[in-house]
Amino acid sequence: MSLPDAPDPWWRTAVIYEIYPRSFADHDGDGEGDIAGITARLPYLADLGVDAVWIAPWYPSPMADGGYDVSDYCDIDPRFGTLDDADAMFAEAHRLGLRVIVDLVANHTSSQHPWFLAARAAEPGSPERARYHFREGTGLDGGEPPNNWISAFGGPAWTRIDDGRTPAQWYLHLFAPEQPDLNWEDATNRDTFDDVLRFWLDRGVDGFRIDAAPGMSKHPDYPDFAYPDPQKFATATWTDNPHWDVDTVHDIFRRWRRVVDAHPGEQVLVAEAVVNGPERLARYLGPDEIQTAFNFDYVHAPWDPAALREVIDRTMTALAPIGAPATWAMSSHDEVRHATRFGRAGETTWGGPSQTSDLELGRSRARAAIMLTLALPGGAYLYQGEELGLEEVEDLPDAVLQDPVFTRTGGRIRGRDGCRVPLPWSGTEAPFGFSPTGASAPWLPQPAHWRDLTVEAEQGDPDSMLSLYRTALAVRKETADLLGPSFEWLPSAGDVLRFRRGTRFECVVNLGPDDVPTTGPVVLSSDSAPSGNVGPDTAVWIVHDVPPEIP
C-alpha cells in the first residue's frame with residue numbers, strides 16, 4: 001500500500017502508536033524486544049487501524065535510563081538490531097501504509113558518549129567541555145554545586161568530576177548523572193544535530209519526537225530558582241525557570257524546522273514539552289517551529305467532566321490562533337497506565353498507588369475515555385498495550401526495577417517500570433508470545449493473569465478492549481465529520497460531556513452515576529452490553545441521518 005496524499009498533512013489527524021522497543025516483541029529470544037520483533041508485528045498495527053508508530057530510543061546506550069542515555073545518534077543498539085534491520089522496518093511500515101517517527105534525545109547524551117568522555121579528559125574552558133555545562137562549584141574549595149537546580153530523578157542536578165584537578169568542576173544533568181546535558185549555545189552541537197536529522201530523514205523516517213524539549217536551553221547566568229517544592233520536578237507549575245522553558249529554546253526548533261522542511265516529504269516534529277499550561281505549550285508550535293506537541297494536560301486530567309472540559313477548551317483555545325492541531329493521549333512509557341489511574345480517586349504518579357485500584361472500574365472508564373479521545377479534533381497517541389486494557393504492574397519486585405528514579409530517590413518513588421512490562425501476545429503462560437518458546441525470561445516479569453489479556457485472547461472476542469479499539473479506529477477513518485476541525489459543545493447535564501463534530505456526528509460521555517438518555521442512533525458504545533441509555537462511565541458515538549436541530 002502506498003502512502004496516500006491528503007489535502008492536509010497526515011500528522012494533523014494521525015493516530016500514532018508508541019512502541020517501547022525493549023518491551024514490544026522479542027524476535028531473537030534474549031528476553032528484550034528488538035527491531036525484528038517490531039517488523040514482524042507491523043501487520044497487527046496496520047490491522048488495528050493506526051496511522052503511524054513512534055519508536056522510543058533504539059540508539060546505542062548503556063541503558064542507565066531505558067535508552068534515553070544515547071552514546072551514538074546514528075546507529076542502533078545491538079540489543080535491538082542493526083541499521084539494516086531499521087531500514088527493513090521502515091520499508092515494511094511504508095508498504096503497510098504506516099509512517100514512522102523516531103525519538104530524538106538531544107537535551108543530553110550518555111555519560112559514555114565519546115563527546116562526554118572527551119570533555120571529562122579535557123581542560124576546563126576547552127572546546128570539548130564547551131559542548132556540555134561544566135561550571136565551578138561554590139563554597140569551600142568549590143565543594144558545593146554551582147547552584148540549587150534539581151534533577152527530575154531526585155537530588156541535585158550537578159555532579160562533580162573527580163579528575164584530580166583543583167578545583168574539580170561540576171557538570172549539569174537535569175536527569176540522571178549518566179545523562180549530562182548538552183550546551184545548545186555551542187555551535188558544534190547545533191551543526192552536528194543538523195546532520196543527525198538528515199541522517200535519519202535520508203533513511204526514511206517520517207518525523208522526530210523531541211524528548212525533554214523545554215530543557216534544551218538554560219539561562220546563561222545559571223541563577224538559583226525558588227522551587228515551590230524542591231522535592232518535585234513539577235515543570236507544569238513553574239514560571240520563569242532558568243533551566244526549563246527558557247525562551248531561547250525556540251531558536252533550536254526553528255533551525256530544526258528549516259532542516260526538516262528542506263527534505264522532500266511531509267515529515268513532522270513532535271514536542272515532548274511539559275510546561276505551565278496550553279498557552280506556554282502553544283509557543284513551541286507554528287509554521288516555522290514544531291508542528292505538534294504531546295498534550296500532557298490531557299494525559300494528567302482526572303476522570304472528571306469539569307476538568308476534562310477545561311483541558312479540552314484551553315487546549316483548543318491556545319492552539320487556534322496558530323492553526324496547530326491538538327493531540328490527545330492518556331498513557332505513555334513515562335506515565336501510570338490509565339486503566340489503573342482511572343480505577344482510583346485522586347492523582348497517582350510514579351510514587352505508587354495511594355489506594356488499591358478498582359481495575360474493573362478503571363477499564364470501564366478507559367473504554368469510554370478512548371472513545372472521547374478519538375472523537376476530539378486533531379491527532380491522538382496510543383501507548384502499546386492500552387488497546388488490550390493492560391494495567392500498571394505495581395507489584396514488581398524491587399530487585400528487578402531498573403528505572404533510575406527508584407535508586408535516585410532511595411526507593412521512595414518506584415518509577416516507571418510498571419508501565420513498561422513486556423506485552424502479552426498469545427498463550428496461557430509467560431512470556432505470552434513476547435519471546436519465542438524456550439527463550440530467556442522477559443527483562444521484566446509479566447503478571448500471570450495477563451493470559452486473559454493477550455492479543456490472541458482478545459481478538460476473537462467482540463466485547464474485548466481490542467475489538468473496541470479496532471472498531472473505533474475504523475469508524476473514525478470512515479466518518480468524514482471526525483477528520484475535520486469542527487467542534488461544538490452541546491447542552492448536557494453536569495456529569496455529561498456532549499459535543500458535535502461536523503453536521504451529523506455526536507459524542508456523549510457519561511461520567512456520572514446515573515443513566516442518561518441517548519439522543520440519536522448509536523453507531524458505537526463503550527459498554528459491551530448497552531441498555532439503550534448511556535450508562536455510568538460510558539461513551540457513545542451517534543451519527544444522525546440528517547443534521548439534528550439543537551436547542
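The values are calculated or read from the model by the stated rules, or taken from the named source; none is laboratory data. Since the structure is predicted, the reported quantities are computational estimates derived from the model, not experimental observations. As a convention, Cβ positions derive from the backbone with ideal geometry for all residues, glycine included, and neighbour counts pool all protein chains shown. Accessible surface areas use protein heavy atoms only, side chains included; no ligands, DNA or RNA. Shrake-Rupley method; radii C 1.70, N 1.55, O 1.52, S 1.80 Å.
Restricting attention to segment 24-36, does a residue exist that is closer than 30 Å to Trp328 by Cβ and part of a helix (DSSP H, G or I)?
yes
Any residue at all in segment 247-254 that's at pLDDT 95 or above and over 16 Å from Asp194 (Cα atoms)?
Taking every residue of segment 247-254 in turn, at least one turns out to be at pLDDT 95 or above and over 16 Å from Asp194 (Cα atoms).
Could you say whether any residue in segment 468-488 is part of a helix (DSSP H, G or I), crowded, with 20+ Cβ neighbours inside 10 Å and of a type in the set (Val, Ile, Thr)?
no
Mind checking which residues of segment 82-113 are under 18 Å from the mean Cα position of the chain (by Cα) and open to solvent by 10 Å² or more (accessible area, probe 1.4 Å)?
Hit for segment 82-113 is Arg99, nothing else.
Output the residues belonging to segment 430-446 that are on the phi < 0 side of the Ramachandran plot and crowded, with 17+ Cβ neighbours inside 10 Å.
Residues satisfying the conditions are Ala430, Pro431, Phe434, Ser435, Pro442, Trp443, Leu444, Gln446.
Whether any residue in segment 350-372 is in a loop (DSSP other than H, G, I, E, B), modelled with pLDDT of 95 or more and aliphatic (A, V, I, L, M) is what I want to check.
Scanning segment 350-372 turns up no residue that is in a loop (DSSP other than H, G, I, E, B), modelled with pLDDT of 95 or more and aliphatic (A, V, I, L, M).
Residues that are in contact (Cβ under 8 Å) with a residue 60 or more places away in the chain and surrounded by 13 or more Cβ atoms within 10 Å (Cβ to Cβ): find the strands (runs of 3 or more DSSP E) completely inside segment 151-252 holding 2 or more of those.
207-210
So, of the residues in segment 52-81 that are touching a residue at least 24 places away in the same chain (Cβ under 8 Å) and open to solvent by 20 Å² or more (accessible area, probe 1.4 Å), which turns out to be farthest from Pro404 (Cα to Cα)?
Applying the filter and picking the extreme gives Cys74.
Filter segment 375-388 down to residues that are out of contact with any Ser or Thr (no Cβ under 8 Å at 6 or more places or on another chain) and surrounded by fewer than 24 Cβ atoms within 10 Å (Cβ to Cβ), then give me how many there are.
Residues that pass the stated criteria total 1.
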